[in-house]
Amino acid sequence: MSAMLEIEFRLNGVVQRTAVAADMSALEMLRDVLGLTGTKYGCGEGECGACTITVDGRTVNSCLMFAVDCNGREVQTIEGLSATPLGERLNHSLVAHGAVQCGFCTPGFMMQAQQVLAEHPHASREEIQRGLEGNLCRCTGYRKIIDAVEAVAHPTASAE
Ligand code: FES
Ligand code: FES
């Protein structure tokens, strides 16, 4: 059995201390130790984006990151994003555009959309498409997902 290590980091704005196995992924820690099941396990290999979180403001695939590497970092999950004004806007827009089908990919798309909009607050459709290309939707609802993010990037255009 792998050694347990104490780590401390900020999770969705709150200091979190926990003990994790040295070989545990950040995704396992979030879901199985801390009970934050909004972050999804898709492929486990960095291919689908279902497990996307942000670490120090940058998106990462939590299935590929060791939990111990969260030590001292600022981590945000979909639970944290959902409580922000941008998270609420993204959520409403995805629902309004019918972009939540089975919903499995939605948290990862929202986390990645936040990153795209942080870099380009009024991102073009192409920038959104490019920014989200690492996230897979098994229901293949890509057009609706991109429409939804575009509506958040260009709120007045979509209200016309
Ligand atoms: S579960 Fe991490 S990228 Fe697919
Ligand atoms: S809505 Fe089902 S995987 Fe995207």
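FYI, it's all coordinate maths here, none of it is from the lab. Bear in mind that the values here come from a model prediction, so they are computed numbers and not experimental data. Don't worry about glycine lacking a Cβ; one is built from the backbone with ideal geometry, like all the others, and counts go over all protein chains shown.
Report the dimensions of the chain along its three principal axes from the alpha-carbon atoms, largest first, rounded to Å.
Computed over the Cα atoms, the extents are 57, 28, 22 Å.
Anyone know which of THR37, THR106, THR59 comes out most mobile in the 10 Å Cα GNM of the chain?
THR37
What's the exposure ranking of VAL75, VAL100, going from fewest to most Cβ atoms within 10 Å?
VAL100, VAL75
Can you list the HN-Hα couplings for region 25-41, worked out from phi with the Karplus curve (6.51, -1.76, 1.60; θ = phi - 60°), rounded to whole Hz and with x for Gly and Pro?
Rounded to whole hertz, the list is 7, 4, 5, 4, 4, 4, 7, 8, 9, 9, x, 8, 8, x, 7, 9, 9.
ASN71: net charge of surrounding residues, Cβ under 14 Å, Lys/Arg +1, Asp/Glu -1, itself excluded?
Details: positive: ARG10, ARG17, ARG73; negative: GLU6, GLU8, ASP56, ASP69, GLU74.
Net of charged neighbours comes to -2.
Among the DSSP beta bridges whose two residues both lie in region 4-77, what percent are antiparallel, rounded to the nearest 5?
Antiparallel bridges make up about 90 percent of those DSSP assigns within region 4-77.
Where the centre of each part is set by its Cα atoms, how far does region 69-102 sit from region 1-60, in angstrom?
Cα centroid of region 69-102 versus Cα centroid of region 1-60: 16 Å apart.
Using a/c under 1.5 as the rounded threshold, could you call region 3-89 rounded, prolate or oblate? The axes a ≥ b ≥ c are square roots of the C-alpha gyration tensor eigenvalues, and prolate needs a/b larger than b/c, oblate otherwise. If you can, show how the numbers build up before the last one.
Working: a/c = 1.85, a/b = 1.22, b/c = 1.51.
It comes out oblate by the Cα gyration axes.
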